[in-house]
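Below you'll find the structure, written out as structure tokens, and then a few comments.
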Amino acid sequence: MKNEIIRQKLELIAATGKRTALEIAVGAPYSCPDDSDESITCWYGPVEIKGIRDKVHDIGGDDPFETLVLSIMFVKRMLVSVKRNGNRIVFFGTDEDYPIEEIFETGDCQQTQE
């Protein structure tokens with residue numbers, strides 16, 4: 001993927017015990033002019049999850065920050081969906097569950113002061 005900014009390798013363990021490698025990649029948001037008005041710009045963020053859906057998804061947003069956030073939320077939705085179907089998501093090469101809920105938790109962040 002061009003301009004990749006995040007890559008994570010995990011594994012899916014199906015209810016049958018079959019293991020499938022998952023490679024998650026998120027690319028940098030990019031802009032494109034709107035066909036109807038060149039002054040309006042839309043943003044897209046490429047997301048690829050090999051092993052679940054082997055194609056690049058362009059996630060749209062109004063600006064680069066929103067696009068990046070929506071791209072990460074898309075990854076979460078895909079992983080949660082796979083898990084809800086009776087599968088497990090684990091760290092690659094282990095049986096240790098990948099903590100989807102903890103990683104994507106929306107609780108308060110602690111801010112440090114300098």
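The values are calculated or read from the model by the stated rules, or taken from the named source; none is laboratory data. In this text the structure is predicted, and so the values were computed from the model without any measurement. Glycine gets a Cβ as well: all are built from the backbone with ideal geometry, and neighbour counts include every protein chain shown.
Looking at VAL26, VAL69, VAL82, which one is modelled with pLDDT of 90 or more, in contact with a helix residue (DSSP H, G or I) (Cβ under 6 Å, 6 or more places away or on another chain) and not acidic (Asp, Glu)?
VAL26
Among the residues of the range 51-102, write down those that are closer than 26 Å to PRO29 by Cβ, among the β-branched types (Val, Ile, Thr) and in contact (Cβ under 8 Å) with a residue 12 or more places away in the chain.
ILE52, VAL56, ILE59, THR67, ILE72, VAL75, VAL80, VAL82, ILE89, ILE100
Return a yes/no flag: does the range 48-55 have any residue that is at pLDDT below 95 and of a type in the set (Asp, Glu).
Within the range 48-55, one or more residues are at pLDDT below 95 and of a type in the set (Asp, Glu).
Report whether or not ILE6 is surrounded by 16 or more Cβ atoms within 10 Å (Cβ to Cβ) and at pLDDT 90 or above.
Here the answer is no, as ILE6 does not meet what is asked.
Right, VAL82: in a helix (DSSP H, G or I), closer than 24 Å to GLU105 by Cβ and more than 10 Å from the chain's Cα centre (by Cα) or not?
It is true that VAL82 is in a helix (DSSP H, G or I), closer than 24 Å to GLU105 by Cβ and more than 10 Å from the chain's Cα centre (by Cα).
Only one of LEU70, LEU12 is within 20 Å of GLU105 (Cβ to Cβ) and among the aliphatic types (A, V, I, L, M); which?
The unique qualifying residue is LEU70.
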